[in-house]
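Below is one structure, written out as structure tokens; the observations come after it.
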Amino acid sequence: MTRFNLASRESELAALELSMDEVVEKVEELSGQNVFECYQCGMCSAGCPLAEEMDLLPNQVLHALQMKDEAAMTANSMWICASCYSCQVRCPKGVDLAKVMEGMRQIYLRKRFDHVSLDGLSHREIRRLPQIAIVASLRKKTG
């Protein structure tokens, strides 16, 4: 249903003109979180209500950022995250993963890239989209 193309996502990542070192630095700046505090206990992933919809689990996103792996920025996980904060509540280190995911989305949105464009979608498809995808798409159009 969602128009997601990994090849286009990788080309968008290249168009960001940021190395993964810069991406991690920018994510930490935007989120106010230290991604290296995570020690991979998996509590965030165990409590995430949308984990089964993500291609990388929440703790895997943090691990990919720690390893400076581009998979963090090409995965759909940041767009699926509902910012429900169940990950942050469960984290023994207090890492606010919802803020990290928002920081990752902001990197794309500030370059006017988005996971989903509402243009050309039917009303039925729009009703089925995650709300955060709609908000992100509208943010891009109003910024």
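Taking residue 111 as the anchor, which aspartates and glutamates have their alpha carbon closer than 19 Å to its alpha carbon, excluding any fewer than eight residues away along the same chain?
10, 12, 17, 21, 22, 25, 28, 29, 70, 102, 119
In whole Hz and in residue order, list the ³J(HN,Hα) couplings for the stretch 67-75 that follow from phi through the Karplus curve 6.51 cos²θ - 1.76 cosθ + 1.60, θ = phi - 60°; x for Gly and Pro.
Result, ordered by residue: 8, 6, 8, 4, 4, 4, 8, 9, 6 Hz.
The numbers here are math on the coordinates, done by the rules we state, and not lab data. This is a predicted model, so every value here is computed, not measured.
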